[in-house]
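Below: the structure, in structure tokens.
The values are calculated or read from the model by the stated rules, or taken from the named source; none is laboratory data. These figures come from a predicted structure and were not determined experimentally. Cβ sites come from the backbone with ideal geometry, for glycine too, and all protein chains shown count toward neighbours. Quick note on the areas: whole protein, heavy atoms, side chains included, nothing else; ligands and nucleic acids left out. Shrake-Rupley method; radii C 1.70, N 1.55, O 1.52, S 1.80 Å.
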Amino acid sequence: MRFLSGIQPSGTITLGNYIGAIKNFVKLQDNPDFTDFLVFVADMHAITVPQDKQALRKNIRSLVAIYLACGLNPEKVHIFIQSEVPAHAQLGWILQCTGYIGELERMTQYKDKAAKHQTDGVTVGLLTYPSLMAADILLYDTDCVPVGQDQKQHLELTRTLAERFNNKFGETFVVPEPYIAGAGAKIMSLTDPTKKMSKSDENPKAFISILDDINIIKKKIKSAVTDSDTKVKFDKENKPGISNLLTILSCCTNTSISDLEEKYKDATYAEFKEDVANAVAAEIEPIQKKYNELINSDFLDKVLDEGRDYATYLSNKKINKVMNKVGLGRKR
Ligand code: ATP
Ligand code: MG
């Protein structure tokens, strides 16, 4: 079974990306059901909204170092940069010509991000983002795509595009299955716990970056927005802030929410937040240490070269097949 997932270098990885995505990849890389494991840096996705050139370059390399520092093992996982494998853009175009505008306009991420970028212009790429994401997945006959709750809609569209193409041109793509992790699939913003935590949030207090100073991380958690009640209890509807912190603590300590509710039944919010802050710091500190060892190493480039070559080999086979099916170019 083949596994594939990617993250945009649109900022520094947040605690949400770590819990909802990378932590699961690290667990799954040891699952013997996955005979092939690909993880990439979705840099072409990142430019659907304005990016500073220098910051983008820095974030690309930084994301690779974070993947490795969090425990992805390059002996088991092929790590590559999306833009270094041209077949992604090629298939992305063909899938743009397979999807319909109405389908893309219905995507929640498009609506949210378009609203945010009204003043600096909404790019066509922001609308067609899901066609490129479908290409990322379908190029590799991916069986299983682990995504956070926020990407579920895009994965459904990927399935629709794959089925539509297969019906029109004959069996070409594997229709992928989503793998949505249970707890932690959606970590919420610390300043508005009804909104998801995002690395591109304009308010840095809303998210915890994996590379934030440890004291800042603790501060952000201690000042996270909660309700005016006093009970530490999981209730997403009425206590979204406390529920979010319970989820974070549960994921960082591998303890169930109900055990935590029991443990903190007489605690104040301040005591509870203190423990959440320390648990998050304990999870992130060793990652930062490894990150600092890796970020300037040649090893990173070796990993990326191997990943690029492997992804190019697989994806070229697929794109040639697709071009033949559609009737593009000369027969090959
Ligand atoms: P951006 O704001 O630029 O879209 P993002 O934080 O949403 O950044 P993505 O690169 O879009 O990050 O997503 C990377 C992965 O992290 C995806 O698998 C996504 O489902 C997951 N993810 C993103 N945000 C969260 C979150 N708050 N909780 C859990 N998982 C998340
Ligand atoms: Mg996102």
Open item on the list: Go through the stretch 79-100 and report how many residues are under 16 Å from residue 8 (Cβ atoms) and either open to solvent by 50 Å² or more (accessible area, probe 1.4 Å) or not polar (S, T, N, Q) (or both).
Closed with: 9
Task: Some residue of the stretch 24-44 being under 22 Å from residue 288 (Cα atoms) and of a type in the set (Lys, Arg) - done: yes
Task: Answer from 317, 290 - the residue that is touching a Gly at 6+ places or on another chain (Cβ under 9 Å) and open to solvent by 20 Å² or more (accessible area, probe 1.4 Å) - done: 290
Task: Members of the stretch 170-217 found to be within 12 Å of ligand 1 (Cβ to nearest atom), acidic (Asp, Glu) and exposed (fewer than 14 other Cβ atoms within 10 Å of the Cβ), listed by number - done: 202
Open item on the list: Out of everything in the stretch 139-171 that is under 15 Å from residue 95 (Cα atoms) and among the basic types (Lys, Arg), what residue ends up being farthest from ligand 2 (Cβ to nearest atom)?
Closed with: 168
- [ ] Take the residues in the stretch 9-35 that are under 17 Å from residue 78 (Cα atoms) and touching a residue at least 60 places away in the same chain (Cβ under 8 Å), then tell me which one is nearest to ligand 1 (Cβ to nearest atom).
- [x] 21
Open item on the list: loosely packed, with under 13 Cβ neighbours inside 10 Å and over 22 Å from the mean Cα position of the chain (by Cα): which single residue out of 275, 259 fits that description?
Closed with: 259
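Residues to consider are 150, 141; find the one that is surrounded by 15 or more Cβ atoms within 10 Å (Cβ to Cβ) and within 23 Å of residue 312 (Cβ to Cβ). Before you say what the answer is, go through the steps one by one.
Working: 150 fails: within 23 Å of residue 312 (Cβ to Cβ).
None of the other options fit; the residue is 141.
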- [ ] Please give the helices (runs of 4 or more DSSP H) falling wholly within the stretch 1-118 in which 3 or more residues are away from ligand 2 (no atom under 14 Å from the Cβ).
- [x] 23-28, 53-69, 87-96, 101-105
Task: Filtered residues of the stretch 6-39 (kept if open to solvent by less than 10 Å² (accessible area, probe 1.4 Å) and over 19 Å from residue 251 (Cα atoms)) - done: 9, 37, 38, 39
